[in-house]
1. Along its principal axes, what span do the Cα atoms of the chain show, with the longest given first and each in whole Å?
2. For the range 166-198 and the range 1-16, compute the distance between their C-alpha centroids and round to whole Å.
3. Excluding the sites themselves, what is the longest stretch of the chain that contains no GluC sites (Glu not before Pro) in a DSSP loop with at most 16 other C-beta atoms within 10 Å?
4. GNM on the chain, C-alpha springs below 10 Å: top fluctuator among ASP33, ASP108, ASP201?
5. Listed here are the pairs LYS78/LYS157; LYS50/LYS169; LYS47/LYS132; which of them are more than 23 Å apart at the Cα?
6. Can you compute the charge dipole magnitude of the range 85-218 about its Cα centre, using +1 on each Lys and Arg Cβ and -1 on each Asp and Glu Cβ, nothing else charged? Give it in debye, rounded to the nearest 20.
7. Among DSSP bridges having both ends in the chain, what percentage is antiparallel? Round to the nearest 5.
8. Give me the log10 of I(q) over I(0) for the range 132-180 at q = 0.13, 0.16, 0.21 Å⁻¹, as the Debye formula computes it from C-alpha points; what are the numbers?
Amino acid sequence: MNIIIFGPPGAGKGTQSDKIVKKYKLFKVSTGDLLRDEINKKTQLGKEIKEIVDSGKLVSDKIINRLIEKVIADERYKNNIIFDGYPRNLEQAENLKNLLKKFNQKIDLVISLEVSLDSIVKRITGRLVCSKCGNTYNEFFNPPPSRLTCCKDGNLKKRSDDNVETAKKRYLTYQTSTEPVLDYYKKFGLLENISGENKIDEISNKIADFINLIRGWL
Ligand code: AMP
């Protein structure tokens, strides 16, 4: 089963996909994480990517498509993926369709987490990510076990693009480039909208209901 989780920045895609990964033993593919890995390598490409990410715009489809093809071509992940933050525009959605066809796979479920801009700004300014295990927390809504650390040797850090100004730009980018992708999947009857304003466990229970329905567990 392949799933896509959509939502504006700070909607809780990362938190929810981590829960799904644990429960259903899926692999999470986050293009944002793949890009941050490249940024951390401090390569020339990484520096170029950082500039774009910090501006709140989208990285070029060419870079994203190359990263994604590697994942979809990998037999270990076959039909067992949750895509977080991808596809971000219609071109990427078309590319994903072609790649999945090429490697004999399909999308089974598309989830959209809906959250207002006000909540997003609050969430994004409180977001903390563990530098080692990648767990995400929020200073206000989902505090970490300790103020500065998560797991052994892991420091909690803020992302460089998690500030109010960039958050607003990312929200706008989401509305203009990514929301049309929701209609694209709606036409295929794959889209389920869920309010991302509810409590974390309430949202994950809703998502689980949809997944179980598809798997024939209900
Ligand atoms: P995320 O971690 O998903 O919030 O992504 C952080 C930033 O990485 C975004 O604001 C974009 O600049 C970039 N990014 C992530 N995924 C994509 C994608 N599929 N296409 C283009 N840019 C992306």
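1. Sorted from largest, the Cα extents of the chain read 43, 42, 34 Å.
2. 10 Å
3. The answer is 1-138.
4. ASP201
5. Table pairs above 23 Å Cα-Cα are LYS78/LYS157.
6. Taking the Cα centre of the range 85-218 as origin, the dipole is about 460 debye.
7. Taking every DSSP beta bridge with both residues in the chain, the antiparallel ones total about 30 percent.
8. -0.45, -0.61, -0.81
Every number in this text was worked out from the coordinates using simple rules, so none of it is lab data. Being a predicted model, the structure only gives us computed values, none of them experimental. Cβ sites come from the backbone with ideal geometry, for glycine too, and all protein chains shown count toward neighbours.
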